[in-house]
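What follows is one structure encoded as structure tokens, with my remarks underneath.
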Amino acid sequence: MNPSVWLRQLDLLRGPDQPTISTDALLDGDGALVAWGEEAAGQAQAQGLRAHDAQGWLLAPSLVDPHSVLEDPFGGRAENLTSLEKAAAAGGFGTVALLPWGPHWRDRPERLGLKPSGPMQLKLWGSFSCDGLDQDLAPQAEQLAAGAVGLAGADGMPPLALLERGLTLGDMAASPLLVAPRQAELTAGGFVRESVQALRSGWPGDLRISESLPLQSLLALVSAHPQRRLVLMNLSTAEGVALLRQARPQQKIPAASVCWWHLVSDSGNLDLAAEGWRVVPSLGAPPDRQALLDALAEGLITAVAVHHLPLDGEEHLLPIDQRRPGVAGHGAPHGLILPLLWQELVVGRDWSAAQLWQVLSWGGSELLGQQPEQLTAGSKRWLLFDPCADWDWQPSQSLSLAANQPFGGSRLRGLVRASGLTSPADWALSA
């Protein structure tokens, strides 16, 4: 076993509604959190351990990804279960919930047997419809009984008649139903939202009503079926945010997620040659990104989703209009998402660490109907983050197999130095 690790004067965030405190922490050689505070210092001194100066570093609960995609868990060239788990854990994620999407749609109990190989929690969304075709309802109660965390649709809203039927039958009971407020036939084949920036870039524009019109229908269904837990997947426009804000005084609004990519990129700040122009939902203009960030701050949006959608190298070589839309999210060896959102929200917008964890961890747990993550003695569900570490991100170093990984060759600030879900041999504790 590896020796224990004594971390001096780090910042510790234990869980929701807890203050961040400056203290010591002790980790055992197997990656478990032994103790913090005076108890940690006392045990470390009794063992004769040398202290690591961790001032400014943050010890906090694992992150939660409420929805991502893994189409072929065992033979996938773009990603498989092993590579996904390793890359996600290195980025600080302790829970990943997988959508039912794939060549073999996970829409029945016998297709919900996917299990994690390590200590990570792998949650599976069941399917709202058979084969994700939005023609017939899938066996919903049976999927939930088999362990599905909830039910999910495809990347567009199912027909209203089918949605109404499913909500009325109520086989999902109080489990979440994840629906994308998107109507594909209204997108006009656009790659980015219609805007001045889209016109200047030369990309075809996605009509804004492709989100606002289906969202109005979904809000009406929420009002008609208050006993159901409808959740909006990947809100992406200022118009969508405005509809939620307008509805909030009159009715209970649904929980909502936003993809991390829409918080750090828009059609005004992304280089024309950069990865991530073609995603679903379409990338917004600067006002869309600002509205999403504001909604996240005020709690209109519940959680940030990775929505990892990997492409293999062969597909990635196709022209942008011939490949499937998507951006990889778990890729970097120590994680892209936490460093980028720390810079965007904590450094750039004066958020606290607890506010960031609300949307990156506890909000994801809430969306999944799970208990919030928190630090406990003996647990491995923690991460150690250094917000001041500078490092070069090269996709060739990635633990993910995905070819569509953004920000390649960039200099980043903020590093996940360790996680209880990774091997202590892989920790980067040298400042």
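The values are calculated or read from the model by the stated rules, or taken from the named source; none is laboratory data. Predicted model only: the values in this text are computed from it and were never measured. As a convention, Cβ positions derive from the backbone with ideal geometry for all residues, glycine included, and neighbour counts pool all protein chains shown. These accessible areas exclude ligands, DNA and RNA; they are computed on the full protein's heavy atoms, side chains included. Shrake-Rupley method; radii C 1.70, N 1.55, O 1.52, S 1.80 Å.
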query = With a ≥ b ≥ c the root eigenvalues of the C-alpha gyration tensor of the range 46-191, is it rounded (a/c under 1.5), prolate (a/b larger than b/c) or oblate?
reply = prolate
request  = Just report the Cα centroid separation between the range 384-417 and the range 19-60, whole Å.
outcome  = 26 Å
task = Return the sequence-ordered ³J(HN,Hα) values of the range 222-231 in whole Hz as given by the Karplus equation 6.51 cos²θ - 1.76 cosθ + 1.60 applied to θ = phi - 60°, using x for Gly and Pro.
result = 4, 5, 7, 10, x, 7, 9, 10, 7, 10
inquiry  = Run through the range 225-280 and list the trypsin sites (Lys or Arg not before Pro) located in a DSSP loop whose Cβ has at most 10 other Cβ atoms within 10 Å.
reply    = LYS252
query = In degrees between 0 and 90, to the nearest 10, how far off the longest principal axis of the chain does helix 238-247 point, with axes built from Cα atoms?
reply = 90 degrees
FRET efficiency, ARG77 to SER217 (Cβ-Cβ, R0 30 Å, nearest 0.05) = 0.20
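Keeping to pairs on different chains or 8 or more places apart, tell me how many lysine pairs in the chain have Cα atoms under 25 Å apart.
The number of close lysine pairs in the chain is 6.
Within a Cβ distance under 11 Å of LEU360, other residues only, what is the Lys/Arg minus Asp/Glu net charge?
My count for the surroundings of LEU360 gives -2.
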query = So which chymotrypsin sites (Phe, Trp or Tyr not before Pro) in the range 18-78 are both in a DSSP loop and have at most 12 other Cβ atoms within 10 Å of their Cβ?
reply = PHE74
task = Pick out which of PRO159, PRO16, PRO249 has the largest mean-square fluctuation in a Gaussian network model of the chain, springs linking Cα atoms closer than 10 Å.
result = PRO249
ask   = Among PRO66, PRO181, PRO286, which one moves the most in a GNM of the chain with springs linking Cα atoms closer than 10 Å?
value = PRO286
inquiry  = Using 0.36 nm times the number of residues separating ALA297 and SER410, minus their current alpha carbon distance, what extension gain do you get?
reply    = 38.0 nm
key: Point-to-point label distance, GLN45-THR20, nm (Cα→Cβ direction, 7 Å offset)   = 2.8 nm
task = Roll a 1.4 Å probe over the protein chains and send me the accessible area per residue for the chain in Å².
result = 39 Å²
query = Which value in nm describes the separation of the simple spin-label points at VAL347 and GLN397, placed 7 Å from the Cα toward the beta carbon?
reply = 1.6 nm
request  = On the protein heavy atoms, probe 1.4 angstrom, tell me the percent of accessible surface of the chain carried by carbon and sulfur.
outcome  = 50 percent
Sites LEU169 and ALA354, calculated FRET efficiency, Cβ-Cβ separation with R0 30 Å, nearest 0.05 = 0.15
remark   = Summing -39500 (n - 2.57) over every DSSP H run of at least 4 in the chain, dividing by its residue total and rounding to the nearest 500, the 222 nm mean residue ellipticity is -6500 deg cm²/dmol
remark   = Honestly the range 190-296 on the Cα gyration tensor test (a ≥ b ≥ c root eigenvalues; a/c under 1.5 rounded, otherwise a/b vs b/c for prolate or oblate) is just prolate
